[in-house]
1. With a Förster radius of 41 Å, plug the Cβ-Cβ distance of D191 and E4 into 1/(1 + (r/R0)^6) and report the FRET value to the nearest 0.05.
2. In which sequence would S204, S361 go, from the one with the fewest C-beta neighbours within 10 Å to the one with the most?
3. So what J values fall out for the range 107-113 if you push phi through Karplus, 6.51 cos²θ - 1.76 cosθ + 1.60 with θ = phi - 60°, rounded to Hz, Gly and Pro as x?
4. Determine, for S97, S369, the number of other Cβ atoms within 10 Å of each Cβ, and report the residues in order from fewest to most.
5. Can you work out ³J(HN,Hα) from phi for every residue in the range 54-69, in order, using Karplus 6.51 cos²θ - 1.76 cosθ + 1.60 and θ = phi - 60°, giving whole Hz and x for Gly and Pro?
6. Which one, G196, A222, Y327, projects farthest toward the positive side of the charge dipole computed for the chain from Cβ point charges (K/R +1, D/E -1)?
7. With θ taken as phi - 60° and the coefficients 6.51, -1.76 and 1.60, list the Karplus ³J(HN,Hα) couplings across the range 263-276 in order, rounded to whole Hz; mark glycine and proline as x.
8. Taking Cα atoms, how many degrees apart are the long axis of helix 3-16 and the longest axis of the chain, rounded to 10 and kept between 0 and 90?
Amino acid sequence: MTPEHERRLARRVREFIDTAVIPAEDALDEGDGQRLDELREQARSAGLWALPLPVEHGGGGLPSADYFRLAEHEGRSDHGPDVLGSASLLNARMLASHAHADRRDNWISSLVAGELSVSYAMTEPGVAGSDPHAMRTRAVPCDDGWRVTGRKWFTTGAAKADLVLVMVRTGDEHSLLAVPAGGFEIVRELDVLGAGGQYEITFSGVFVPKTQLIGDEGQGLALAGERLALGRTLRALRWVGQAQRATEMLALRATGRRLGGGVLADRQLVQRLVFEAELQVRSARLLTAEAGGLVAAGERAAVQVSLAKVAAARALETAVDGAIQVYGAEGLTAATGLPRLLRTARAARILDGADELHIESAARRLFRSYQG
């Protein structure tokens with residue numbers, strides 16, 4: 001993709017998010033399926049559908065490096081990736097590389113078309129998410145497959161999922177199985193700071209055939225590791241997009257809000273707010289670009305991804321908090337969209353590994369690298 005083509009495509013993605021998706025966020029938060037379908041059809045008509053997914057299955061076929069440069073704009077809204085058909089990227093890549101040949105093409109084509117909804121279930125109640133070896137969900141061999149018993153939670157979109165990719169214990173190892181709808185029960189919907197969409201689910205001896213094993217038996221944690229690097233990089237890019245959005249809101253409010261004989265932007269403390277937000281957003285953008293370049297090239301990037309993840313979460317929190325402060329009481333209302341961004345900012349410090357985990361693991365790697 002030429003630089004000029006890249007710039008034009010980035011402008012189109014950003015314009016679509018700002019003019020079509022952000023105004024519909026309230027409806028999408030409420031799970032308005034009809035509105036989602038309408039926006040997806042608009043994205044298809046605009047040539048923006050499934051840009052990073054395989055072209056042979058109906059996607060745009062953008063290489064990771066090219067898509068990463070669009071992900072910030074797409075991520076200005078949490079709903080952007082779902083509306084534009086790229087939210088399934090992690091699952092599509094995992095299935096393309098590791099699903100059984102009898103299932104692969106049908107699953108991926110349906111994913112790219114937006115006809116198949118796939119969730120990913122790894123964490124469990126009462127078990128630290130950073131300790132997969134304490135996992136309790138088990139798959140016991142039987143006939144030509146396994147019987148799965150256990151419980152998972154914080155499974156995004158499980159209530160509407162056609163397929164759930166479930167991390168299980170198979171003996172002393174971990175494996176990944178694809179369980180179709182009907183093979184699990186919804187225990188309850190979990191809220192994240194008041195917002196729904198996360199679920200606790202249970203498996204009661206459900207049979208899963210061998211053709212629905214993803215990768216090889218015992219390969220589960222390796223597959224999770226592959227997924228994490230890409231997933232964390234995408235999250236960081238999207239958080240930078242939302243931080244940029246909040247910084248723009250802060251600046252527009254400060255320059256447009258009259259106070260006394262001037263505007264809020266004349267006040268030094270407000271100037272500090274926009275400076276700190278801009279500083280963190282630009283720093284996070286550089287770190288995510290570095291991590292994205294390495295991930296796209298298939299290189300090791302554990303430290304870079306951790307730095308990007310923590311920096312993006314901090315940038316989002318700083319920018320949103322500053323915007324709310326400049327908006328005053330109005331910033332606390334849902335009409336501004338800022339409470340939604342604040343919820344994402346607070347969750348960002350826990351999602352995809354708590355900040356403390358990233359800081360500790362990156363620090364250990366840094367100490368070893370500086371020792372030569």
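Readers should treat all values here as calculations from the given coordinates under stated rules, not as data from a laboratory. Treat the numbers as computed from the prediction; the structure is a model and nothing was measured. Quick reminder, even Gly has a Cβ in these numbers, built from the backbone with ideal geometry, and neighbours come from all protein chains shown.
1. Working: r = 45 Å, r/R0 = 1.09.
Result of the calculation: an efficiency of 0.40.
2. On the way: S204 12, S361 15.
The fewest-first ordering by Cβ neighbours comes to S204, S361.
3. 4, 5, 4, 5, 5, 5, 6
4. Working: S97 12, S369 9.
Ascending number of Cβ neighbours within 10 Å: S369, S97.
5. For the range 54-69, the Karplus-derived couplings read x, 5, 5, 10, x, x, x, x, 5, x, 3, 4, 6, 5, 4, 6 Hz, x marking Gly and Pro.
6. Y327
7. Values per residue, Gly and Pro as x: 10, 4, 5, 6, 7, 4, 5, 6, 4, 5, 4, 5, 5, 5 Hz.
8. 90 degrees
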